[in-house]
1. When residues of the stretch 261-292 are filtered for being surrounded by fewer than 14 Cβ atoms within 10 Å (Cβ to Cβ), in a loop (DSSP other than H, G, I, E, B) and of a type outside the set (Ser, Thr, Tyr), how many remain?
2. What do you reckon, is Leu30 aliphatic (A, V, I, L, M), out of contact with any Gly (no Cβ under 6 Å at 6 or more places or on another chain), surrounded by 21 or more Cβ atoms within 10 Å (Cβ to Cβ) and at pLDDT below 95?
3. What number of residues within the stretch 104-139 are buried (at least 17 other Cβ atoms within 10 Å of the Cβ) and of a type in the set (D, E, K, R)?
4. Output yes when any residue across the stretch 105-121 is out of contact with any Leu (no Cβ under 7 Å at 6 or more places or on another chain) and free of Cβ contacts under 8 Å to residues at least 12 places away in the same chain, and no when none is.
5. Any residue in the stretch 228-254 that's in the same structural domain as Ala9 (by TED's automatic domain parsing) and crowded, with 16+ Cβ neighbours inside 10 Å: show its pairings with residues that are assigned to a loop (DSSP other than H, G, I, E, B) and of a type in the set (S, T, N, Q) at Cβ separation under 8 Å, as long as the two are six or more apart or on different chains.
6. Being in contact with a helix residue (DSSP H, G or I) (Cβ under 6 Å, 6 or more places away or on another chain), aliphatic (A, V, I, L, M) and not in a strand (DSSP E or B) is the requirement here; does Ala78 meet it?
7. What do you reckon, is Val118 among the aliphatic types (A, V, I, L, M), over 24 Å from Pro36 (Cβ atoms) and touching a strand residue (DSSP E or B) at 6+ places or on another chain (Cβ under 7 Å)?
Amino acid sequence: MGDVVIPFAVKPLGVRGRIVRLGAVLDDILSRHDYPESVSALVAESVALTAMLGTALKFNGKFIVQTKTSGPVQMIVADFVSPGGVRGCAKYSKPRIDELKKPDQKQLLGEGILGMTVDQGANMERYQGIVPLGNSTLADAAHTYFQQSEQIPTRLRVAAGPLLARGEKQTHWRAGAILVQHLPSEGGSSPLPEMQGDAPEGSEHQVDEDDNWVKARLLLDTIEDHELLDPTLTAEEILYRLYHEDGVTVYPAIPITRHCTCSREAVSTMLQNFSEADRVDMVKDDKIEVVCEFCSTPYQFKLADFA
């Protein structure tokens, strides 16, 4: 019932997947900022998406989701660090958001890109996939990423929002996400519909989608946002509702916690890389203050610290 990612499989349909449920972790992340509710929802969805994809790493590393757009929310960054640490933040224009009556994701994001980066650690090559983010949601862009980068039939849903419990005055944030992927049987062809490119123009033959995959994704499409967010509904109950007819296998849950890589030592090292003149320009009220964009922790230094 806590902050977890649970892998699962629907073996008769050749489907594997993961389901994410986040609560207290989001409260911890979002309470450190004074975001408008619409921005908090975007950050919460990004963190859920990052946790879902990051837990699929087969090695200890980092998975980063980042947007860069022309909309009122110019940038969102969320990252996952093995085995289960997440964080997220956003850069936005409050006046531009206030101009919108009921902003949706497409209005908030606008035109831009969504990047997904796999960082395997020091001395290892990074892998990055970039997809356009124009007039689409985060989930839409993630679908495009899987279609173009991994070429694996993928379906996902993601939702986030504040909930007010009975007898409480303070809202709590929740996010949920679920993903299914279909893999061909060993030696089989891809279940994606495809065109035979070697055929003469106008006579291409389209291969139909695999029936098992069609069933799996249509069942996933029946899930409602409130089910993904309901704290009284367990991940196992959601999976049973969706795939009990074919049987679903649930694997051990991966606990998710908030993490941040900032520290006084790391910030001090960063400041040492600036010239003395640059550090003098940073002084305000006889001190240099640096605030972490992710966790809002302030770090204060004096010029004498770098003498």
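The values are calculated or read from the model by the stated rules, or taken from the named source; none is laboratory data. Please read all numbers here as calculations on a predicted model, not as lab measurements. Note that each Cβ is placed from the backbone with ideal geometry, even for glycine, and that neighbours are counted across all protein chains shown.
1. Summing the residues that are surrounded by fewer than 14 Cβ atoms within 10 Å (Cβ to Cβ), in a loop (DSSP other than H, G, I, E, B) and of a type outside the set (Ser, Thr, Tyr) in the stretch 261-292 gives 4.
2. Spelling it out, it is not the case that Leu30 is aliphatic (A, V, I, L, M), out of contact with any Gly (no Cβ under 6 Å at 6 or more places or on another chain), surrounded by 21 or more Cβ atoms within 10 Å (Cβ to Cβ) and at pLDDT below 95.
3. Matching residues across the stretch 104-139 total 1.
4. No; the residues of the stretch 105-121 include none that is out of contact with any Leu (no Cβ under 7 Å at 6 or more places or on another chain) and free of Cβ contacts under 8 Å to residues at least 12 places away in the same chain.
5. Note: pairs meeting the criteria are Leu242/Thr222; Ile254/Thr55.
6. no
7. Taking the combined requirement at face value, the residue satisfies it.
Rundown of residues vs (1) over 15 Å from Thr257 (Cα atoms); (2) over 13 Å from the mean Cα position of the chain (by Cα); (3) modelled with pLDDT under 95, yes/no style:
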{"site": "Leu26", "(1), (2), (3)": "no, no, no"}
{"site": "Lys58", "(1), (2), (3)": "yes, yes, yes"}
{"site": "Ile76", "(1), (2), (3)": "yes, no, no"}
{"site": "Arg87", "(1), (2), (3)": "no, no, no"}
{"site": "Lys91", "(1), (2), (3)": "yes, yes, no"}
{"site": "Lys102", "(1), (2), (3)": "yes, yes, yes"}
